[in-house]
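The values are calculated or read from the model by the stated rules, or taken from the named source; none is laboratory data. Remember, predicted model here, so these are calculated numbers, not experimental data. A quick note on method: Cβ atoms are made from the backbone with ideal geometry, for glycine too, and the neighbour counts reach across all protein chains shown. Each accessible area value is taken on the protein alone, full model and side chains, heavy atoms only, with ligands, DNA and RNA left out. Shrake-Rupley method; radii C 1.70, N 1.55, O 1.52, S 1.80 Å.
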Amino acid sequence: MPIKKSLGQHFLVEPYYQRRIVESVAPRADETIIEIGPGQGALTALLVASGARIIAIELDRELIGSLMARFGSRENFRLIAADALTVDFCQEITPAASARVVANLPYYISTPILQRLIKQRRCLSEMTLMLQREVVERIIARPSSKEYGYLSVLVQFYCEAQRLFNVPPGAFRPAPKVDSSVVRLRVRTQPAVAVADEEFFFELVKALFAQRRKTILNNLRVAALRLDLGDEERIRCALASAGLEAQRRAETLSLEEIAPLAAAFTRDS
Ligand code: SAM
């Protein structure tokens, strides 16, 4: 079957890494696991063998036939032929209320998939994801590192993120041009910091990081009209009340520092 590069098809062929991923998930027979992009079934076979209820979502119709031939008779396996970006995970896992996710993700959609998983976090407790190593570095980055940015804040706000291990290009067919890493995201029961209006908080984060070389004051000035932040004086006041110097760069701000800034703007709007 021809490989579809447009669907990010890099199949994990090294049994050592297939096993390592599934062992780090340690599926239990009484739980539901969603696999995004089962491909040729490398991880699926180990997941199905664990006895857990597996719901696999694959977009490539040409792979559906062989996946069904291989696993279709297994009672604990269900295949959804669809785009994972449009699937309602919470609905698909019923009667289960919660599931874990495993995926060797197509890298071309890793950020939108992450955003979608986070949006549906009320029914997802944990995700074990193979991603481009550089994306994992951005996810787990701490403030004051060059990888720290919007994605770090987004994921760390909702999840505890831990890199499990790296995977070299040679473990895949065809080999990707980039290194890969497996990351575990545990969905927090409460966001990492208390925020009154999450939508505004993330709009503010986006604005703060819009131009990395600019100070936070300058980035906020640019976004002032769109986010209704007020004039420069009000922005300076909000920064001061959050205890932040106007000349700082967003990449130095922790979640614990951004939350009071959002609160300062929402308090008196
Ligand atoms: N899990 C397999 C493995 O580890 O060898 C395949 C991984 S491959 C990197 C990504 C898989 O995701 C491919 O099978 C591809 O067809 C599938 N895929 C790509 N885009 C998708 C989407 N939007 N929704 C669901 N599956 C998708």
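Here are the numbers:
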item: Linear extension gain, Arg74 paired with Arg163, 0.36 nm per residue minus alpha-carbon span; result: 28.8 nm
item: Sequence-distant lysines (8 or more away, or on other chains) whose Cα lies within less than 16 Å of Lys214; result: Lys146, Lys206
item: Of Ser180, Ser152, Ser73, the one that fluctuates the most in a GNM where the chain has Cα springs shorter than 10 Å; result: Ser73
item: Estimated FRET transfer efficiency (Asn218, Asp179; beta-carbon r; R0 35 Å; 0.05); result: 0.50
item: DSSP loop GluC sites (Glu not before Pro) with at most 12 other Cβ within 10 Å excluded, longest remaining stretch of the chain; result: 76-244
item: Distance between segment 19-42 and segment 187-203 - C-alpha centres, whole angstrom; result: 29
item: Value of [θ]222 nm, deg cm²/dmol, for the chain, DSSP H segments ≥ 4, -39500 (n - 2.57) each, nearest 500; result: -11500 deg cm²/dmol
item: Cysteines, the chain, no other Cys beta-carbon under 4.7 Å; result: Cys159, Cys237
item: Shape category assigned to segment 110-219 from the gyration tensor of Cα positions, a/c cut at 1.5; result: oblate
item: Under 11 Å from the Arg267 label point (7 Å along Cα→beta-carbon), backbone N, segment 235-258; result: 238-243
item: Accessible area per residue, Å², the chain with all protein chains present, probe 1.4 Å; result: 48
item: Choice from Pro191, Pro95, Pro174 with maximal GNM fluctuation in the chain (Cα, 10 Å cutoff); result: Pro95
item: Accessible surface of segment 95-201, 1.4 Å probe, proportion on carbon and sulfur as whole %; result: 48
item: Per-pair calculated FRET efficiency, R0 = 41 Å: Arg20 and Ala196 via Cβ, rounded to 0.05; result: 0.50
item: For Ala99, distant residues with modelled amide H under 5 Å away; result: Leu124, Ser125
item: Full-extension gain in nm, Leu7 to Arg226, via 0.36 nm per residue minus C-alpha separation; result: 75.3 nm
item: Those lysines that a straight Cα-Cα span of less than 20 Å connects to Lys4, excepting residues fewer than 8 apart in one chain; result: Lys177
